[in-house]
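Worksheet for the structure shown next.
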Amino acid sequence: MSEATAKRHMGLKTSRAISNTAIHVLLIVISIIWLIPFVCIVLQSFRVENTGPVGYVMPKVWGTDNYVKLFQTDFPRWYTNTFIAALATAVLQTIIVLCMSYTLSRFRFKMRQPLMRFMLILGMFPGMLSMIILYRVLKDLGLTQANAVPGLILVYVASSGMGYYVSKGFFDTIPMSLDEAARVDGATRAKILYKIILPLSKPIVIYTVLTAFMGPWGDYVFARYIAFGTSAGKNVAVGLYDWLNKDQISNCYTMFCAGGVLVALPVTILFLFLQKYYVEGVTGGAVKG
Amino acid sequence: MTQLSDLEFLKLSKGQKFGYRLGRFFTGIPKAIGNFFLKIGNGLKKAGSAIGREFADIVNTFIHGDWKTKLSFFIMGFGCLARGQILRGLLFLLFEIVFISYMILSGGYWLSMLPSLGKVGPSEEYNEVLDAYTTTYHDNSFQILLYGVLTIFFIIAFIYTWRVNVKQNKMAEKILASGKKLKSGKDDLRSVVDDQFHKTLLALPVTGIFIFTVLPILFMILVAFTNYDGTHNGYTNSLFTWVGLDNFNTMLSWSGGSGGTQSYAATFGEVLIWTLIWAFFATFTNYFLGMFVAMAINKKGIKFKKGWRTILVLTIAIPQFISLLYVSKMFAKNGIINGFLLDMGWITQAIDFFGDASRPWLARVTVILINIWIGIPYLMLITTGILMNIPADLYESAKIDGASGWQQYRKITLPYMLFVTGPYLLTSFTGNMNNFNVIYLLTAGAPTNAAASSASGSVGYTDLLITWLFKITMGAESKYYLASVIGILVFVVVALISLIVYNLLPSIKNEEDFR
């Protein structure tokens with residue numbers, strides 16, 4: 001190696017080292033920016049001296065008062081509402097989405113293309129529009145306000161078939177030859193689904209359950225419409241949102257933070273364990289669109 | 001604009017090429033519209049002849065069929081029962097009985113009331129027993145409209161089933177004539193989990209979509225042609241009725257409201273323009289910055305790759321209403337951001353990020369910036385997967401040719417990414433147009449747009465069409481008819497954008513390519 005190339009080599013190495021250090025610094029800054037709000041929420045949930053919003057982060061007096069107070073409000077009720085709705089939705093929505101996407105991926109029938117096109121067009125209408133009528137209908141059925149939870153589950157689950165894209169993309173990657181071999185052996189189509197496809201579909205099932213759970217867990221709009229005017233029917237999003245209105249914020253701000261921590265904790269832990277499946281689902285879904 | 005040959009096109013400079021493509025696109029529009037109507041015309045012609053054939057077939061079946069078939073025209077399923085297909089026959093018969101009794105008991109009433117949406121509103125009468133005025137309720141416009149539409153669907157379903165019934169008879173006769181055996185009830189049951197398994201699987205999801213999406217959307221489209229609002233709720237205060245195109249006239253007219261307020265059209269235009277600007281920046285800032293972060297993490301020699309990713313992914317897990325509400329309070333006048341800036345001495349007076357109506361763009365830019373914070377982790381995930389799929393030898397050969405990092409990005413990474421994520425970008429754009437959560441939870445539309453507000457609910461400078469729609473339905477007046485009009489217009493805009501972009505995108509791939 002001549003001296004000149006060696007020098008160039010050294011130059012390249014140092015410039016790469018510099019750019020890598022710069023990127024590391026940048027990533028640290030990014031991580032800080034992304035984590036700051038969450039750190040602040042946790043810190044402020046332990047603040048005792050002032051229950052309203054303040055301009056500083058570190059509590060002057062630490063304590064768990066906010067968490068204690070939280071359980072004297074309707075918060076436990078909201079939490080249970082949300083949990084039941086999210087759990088039921090996770091189960092039912094997964095079944096519906098899998099039925100839909102499996103069918104659209106595996107079968108070729110006359111109405112397939114028109115159905116998919118129709119759902120694409122339906123998706124262009126703002127979903128909120130249908131809430132106005134659904135609210136009135138659910139009210140006639142007695143599924144609003146204090147009984148909001150079953151009504152909410154119905155609303156979340158019923159139209160979930162339209163979100164079939166990601167899991168259809170997954171089913172498309174399972175080779176058709178598996179089905180065909182089973183057909184030759186005389187298996188019915190239903191049997192193929194239970195015995196062959198489902199055992200292979202663990203990642204997409206987990207992804208679907210996870211997203212189906214997270215939707216209702218953080219939903220605001222639909223819950224607002226359906227729990228209209230009662231405290232017992234609220235979910236956490238509506239309940240905590242109302243704590244931040246002008247009349248209540250000075251008393252409830254730190255309680256909002258404490259509630260937020262309790263709401264975020266379970267999903268964050270769940271996410272930590274199931275991250276892999278979520279990432280797979282999201283990346284797959286975007287490419288297959 | 002005349003079409004150039006390939007050779008001529010290659011000679012153009014980059015700017016000219018772009019101009020040429022754009023020109024071709026716009027000069028192509030009239031032709032495309034013409035084609036569209038031609039297609040509709042052809043479709044109608046085809047549909048017409050198809051209906052003609054159907055009728056001919058029905059008549060022929062009746063004339064040439066045996067007595068079992070003939071009787072089936074009136075008693076559905078009779079042919080099946082007579083030929084031993086008990087299960088099918090019973091189902092047909094049951095459907096007919098349900099349909100006829102429904103039509104007699106209530107369907108006829110709903111249909112007859114549909115043109116007027118109810119005749120008698122609630123009335124107050126003196127009740128001698130109670131010695132007080134009591135209100136008695138009569139017609140219910142809301143139910144009339146809802147069940148009227150349902151009844152029409154039921155009739156269509158009945159006609160379809162009746163047609164299937166006729167067809168079945170014809171087929172059964174043919175099969176019997178050729179000496180084969182008809183399918184038994186057992187065969188039918190097996191087909192539910194086998195040949196017809198797709199229908200079994202789709203039954204529940206499609207019913208759900210029909211009842212909870214199609215029907216409500218249809219209903220709301222119809223509401224746009226009525227005066228349904230908080231004071232005409234159709235039952236307890238006063239009936240609502242058809243008003244034709246009045247609501248569209250209100251929304252799209254330029255004449256101002258009473259007291260010098262802005263017209264609906266002006267407000268709609270303002271909100272629409274901001275919605276489009278927002279959707280554009282929300283989509284592309286996230287896209288490019290997310291891609292940048294993904295590339296930074298992917299770069300050779302970066303440590304803790306998994307750690308950086310996990311930190312960002314975890315922020316997706318936290319429900320948006322918590323993070324957005326909290327961030328909106330951080331940016332409040334007495335929030336942490338202002339506190340920090342004041343402490344550092346960089347400002348002397350707290351900045352009112354979301355409340356200053358004299359600086360609407362401050363709120364708008366802040367919202368877009370915060371949205372970057374929301375969106376990057378998600379985009380980082382999506383782009384990471386795709387970036388890893390770019391063949392590494394492309395970069396190798398580019399390096400050998402002496403391409404700089406920027407050139408590699410411009411010539412390899414970006415085209416590849418745009419090609420693969422084209423459809424995703426489109427859905428993301430339309431999704432952002434309807435991004436209720438970010439706007440409503442961050443600013444709830446604030447700062448208020450005073451000129452627009454008095455005319456049309458409390459519209460703010462950061463309101464999107466979707467949050468405006470929501471506000472209109474939540475107020476005391478609850479102008480549902482206006483919300484429907486906005487909803488329909490949102491649909492028109494989204495559909496138009498999708499149509500244009502889909503025709504321009506290079507990567508509209510055949511779905512089957514992925515298999």
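What to note about this one:
- Accessible surface for A:ARG77 stands near 110 Å², nearest 10, in the context of the full protein assembly shown (1.4 Å probe).
- Protein accessible area in the range B:368-483, 1.4 Å probe - carbon and sulfur %: 60
- Computed with a 1.4 Å probe over protein heavy atoms only, the accessible surface of the protein assembly as shown comes to 50 Å² per residue.
- Only aspartates and glutamates eight or more places from B:LYS14 in sequence, or on another chain, were considered; those with a Cα closer than 18 Å are B:ASP6.
- Relative contact order for the range A:72-288, counting Cα pairs under 8 Å that sit 6 or more residues apart, in percent: 37
- Taking every alpha-carbon pair under 8 Å whose residues sit at least 6 apart, the range A:6-118 reaches a relative contact order of 13 percent.
- For chain A, convex hull volume per residue from C-alpha positions, Å³: 231
- B:ASP188 sits with roughly 20 Å² accessible to a 1.4 Å probe, with DNA, RNA and ligands left out of the calculation.
- Between 0 and 90°, nearest 10: helix B:86-102 axis offset from chain B longest Cα axis: 80
- Amide H to amide H distances under 5 Å link B:GLY460 with B:ASN449, where only residues 5 or more positions off or on other chains count and H is placed in the peptide plane.
- Between 0 and 90°, nearest 10: helix B:320-330 axis offset from chain B longest Cα axis: 40
- Shown for the range B:9-77: the carbon plus sulfur share of the solvent-accessible area, taken with all protein chains present and a 1.4 angstrom probe, equals 72%.
- J(HN,Hα) series, the range B:441-447, from Karplus relation 6.51 cos²θ - 1.76 cosθ + 1.60, nearest Hz, glycine and proline x: 6, 6, 10, 6, x, 4, x
- Altogether, the Stokes-Einstein calculation at 4 °C and 1.567 mPa s, with the Kirkwood radius of chain B over Cα pairs as Rh, returns a diffusion coefficient of 44 µm²/s.
- With DNA, RNA and ligands ignored, accessible area of B:THR231 (1.4 Å probe; Å², nearest 10): 80
- Amide H contacts under 5 Å for A:ARG47, placed H, 5+ residues apart: none
- Computed over protein heavy atoms with a 1.4 angstrom probe, the accessible surface ordering of A:LYS276, B:LYS39, B:LYS181, largest first, is B:LYS181, B:LYS39, A:LYS276.
- With a Förster radius of 22 Å applied to the beta-carbon distance between B:ILE155 and B:HIS64, the computed FRET efficiency rounds to 0.20.
- Using a cutoff of 8 angstrom between alpha carbon atoms and counting only pairs six or more residues apart, the relative contact order for chain B works out to 14 percent.
- Span per principal axis, largest first, for the Cα atoms of the range B:6-55 (Å): 61, 18, 10
- DSSP H segments from chain A that extend 24 Å or more along their own axis, Cα-based, with Kyte-Doolittle mean of -0.5 or above: A:3-45, A:75-106, A:249-288
- The simple Förster model, with R0 at 41 Å and r as the Cβ-Cβ distance, assigns B:SER238 and B:THR207 a FRET efficiency of 0.75.
- Residue ranking by accessible heavy-atom surface, 1.4 Å probe, largest first, among A:CYS99, B:CYS80 comes out as A:CYS99, B:CYS80.
- The string of couplings for the range B:16-23 from the Karplus curve (6.51, -1.76, 1.60, θ = phi - 60°) is 4, 4, 5, x, 4, 4, 4, x Hz, one whole number per residue in order, with x for Gly and Pro.
- Label-to-label distance, B:LYS199 versus B:LEU394, with points set 7 angstrom from Cα along the beta-carbon direction: 4.7 nm.
- Mean residue ellipticity, 222 nm, helices only, chain B: the sum of -39500 (n - 2.57) across DSSP H runs of n ≥ 4, divided by residue count and rounded to 500, is -21500 deg cm²/dmol.
- Gain upon complete extension [B:ALA450, B:ILE347; 0.36 nm per residue less C-alpha separation]: 34.3 nm
- Heavy-atom accessible area buried between chains B and A is around 8700 Å² (1.4 Å probe, both sides summed).
- Subset of A:LYS168/B:LYS399; A:LYS168/B:LYS170; B:LYS170/B:LYS199; B:LYS11/B:LYS31 violating a 30 Å alpha-carbon distance limit: A:LYS168/B:LYS399; A:LYS168/B:LYS170
- Taking 16 Å as the straight-line reach from the Cα of A:LYS202, the aspartates and glutamates in range (excluding those fewer than 8 positions away in the same chain) are A:ASP172, A:GLU280.
- Among B:ILE372, B:ILE155, B:ILE297, the sequence by solvent-accessible area, most first, with a 1.4 Å probe is B:ILE155, B:ILE372, B:ILE297.
- More than 44 angstrom apart: percent of Cα pairs within the protein assembly as shown: 39
- The slack between A:SER250 and A:ARG77, meaning 0.36 nm per residue of separation minus the straight C-alpha distance, is 60.0 nm.
- Figure legend: label point modelled 7 angstrom from the Cα of B:ARG24 along Cα→Cβ; residues of the range B:407-431 with amide N under 19 Å from it are B:419.
- On the principal axes of its alpha-carbon atoms, the range B:258-507 has extents of 71, 52, 30 Å, going from largest to smallest.
- Members of B:LYS45/B:LYS167; A:LYS110/B:LYS186; A:LYS110/B:LYS183; A:LYS276/B:LYS300; A:LYS69/B:LYS471 lying beyond 27 Å, as alpha-carbon distances in this model show: A:LYS69/B:LYS471
- Taking each residue as 0.36 nm, the span from B:PHE284 to B:LYS181 lengthens on full extension beyond its C-alpha to C-alpha distance by 30.7 nm.
- With every protein chain in place, the range A:72-288: carbon and sulfur % of accessible area (1.4 Å): 67
The values are calculated or read from the model by the stated rules, or taken from the named source; none is laboratory data. In this text the structure is predicted, and so the values were computed from the model without any measurement. Backbone-built Cβ (ideal geometry, glycine too); neighbour counts: all protein chains shown. Just so you know, the surface numbers come from the protein's heavy atoms only, side chains and all, with ligands and any DNA or RNA stripped out. Shrake-Rupley method; radii C 1.70, N 1.55, O 1.52, S 1.80 Å.
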